[in-house]
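What follows is a short report on a single structure.
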Amino acid sequence: MENILRPLIVIGGSVVLTLLIGWVTDRLLRKADERHNETPLWGLLRRGRIPYQLVLCAAMLRGSYDEARLLDEHRVGIGRALTLVLIGAAAWLVVRIAAAVVETSYSRYARAHRDAARLRRVRTQVSLIMRVVSAVVGVVAVAAMLLTFPAMRAAGASLLASAGILGIVAGVAAQSTLSNMFAGLQIAFGDMVRLGDTVVVDGEWGTVEEITLTFLTVRTWDERRITMPVSYFTSKPFENWSRGTPQMTGIVHWHVDHSAPLDAMRERLRDILRECPAWDGRAHGLDVTDTTPNTMQVRALVTAKDADDIWTVRVTVREQMIRWLSEEHPYALPRVNTADALLPPGRSNGRSSHDGATSRRVHEPPRTGR
């Protein structure tokens, strides 16, 4: 009877005590979260209740398993398994606590500062710091797990003796990975590119969606994802439209006939911009920038507060100006000139009026009769 009750009391008592302590701790964190609404720390700490309970249960079972006197022949293996669970759960709990502290610090900083560019920079640094902390904790946890095996401890001396050679080999083999990791840290603390920045990379326009220690993801305007190594941004030039102020100047081009009413087009541009909410009112203008034998190129300059609004202003101005020209001034649209060239005064083309009439009749469309 004792062989049944003893393991049941030890194991069952550890599980029940773990659940009880976990429930009490969760209630305390919930009350603290309701009482202190100005900080999200207590609510974020509740995310670690599962690894917290695993740590408690593994620690209690590891400490009281010898008293259970269950499966004595496998006592060493079971004890080592409980130790591995304890180490893994402890690493998981440390990562959750660190994430809660870092997220709380960022929330306080975001409430105190309203500069969007500075917030994106801090957010980038915070995310990369969390990845570094997770990687370090994971490596330490794996190392601690390996040290629980006697064979690993015995091989430690030989591993340390060959650490120099292995380090050189690993450095050569992982040169690309290490360069990307250092580039990720350089991006995080060098303020080169941040989460949410609008960038142009290899002719693709998009927004930085994710930054890790090794790669960076850009979400394009058509919802595609471009993933590239972070070392690209430290070794090649790219456009960052969010650096400094987000205000932008956009350009709209038209090809119109030489007889296009430029003054009327300037007035129409002003009217279009006044009715466009995306225009920030800073500046606008319309000028002739180039000519061809058949058309001239007209350029409009418009401004907006950011990259999204400048796109809206450009497409609105382009569409409404073309519609207005086609309705009010159709002669201003590009056309193919099929008339004879005008000669300088006093010069004749060597043809009689009869020949000219014949030439004009040749170009007339044929008449069809019934």
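For the reader, a short list of remarks on this structure follows.
- Of the residues examined, residue 240 is one that is under 22 Å from residue 120 (Cβ atoms) and of a type in the set (S, T, N, Q).
- Conditions (1) within 23 Å of residue 200 (Cα to Cα); (2) outside any strand (DSSP E or B); (3) of a type outside the set (Gly, Ala, Ser); number of the one not met by residue 320: (1)
- Pairing residues of segment 261-280 that are more than 21 Å from residue 334 (Cβ to Cβ) with residues that are charged (D, E, K, R), at Cβ distances under 6 Å and at least 6 apart in sequence or on separate chains, gives 278/309; 280/305.
- Filtering 265, 228 for residues that are at pLDDT 75 or above and either more than 30 Å from residue 289 (Cβ to Cβ) or not assigned by TED's automatic domain parsing to the domain that holds residue 315 (or both) leaves a single hit, 228.
The values are calculated or read from the model by the stated rules, or taken from the named source; none is laboratory data. In this text the structure is predicted, and so the values were computed from the model without any measurement. Please note: Cβ atoms are built from the backbone with ideal geometry, for glycine as well, and neighbour counts cover all protein chains shown.
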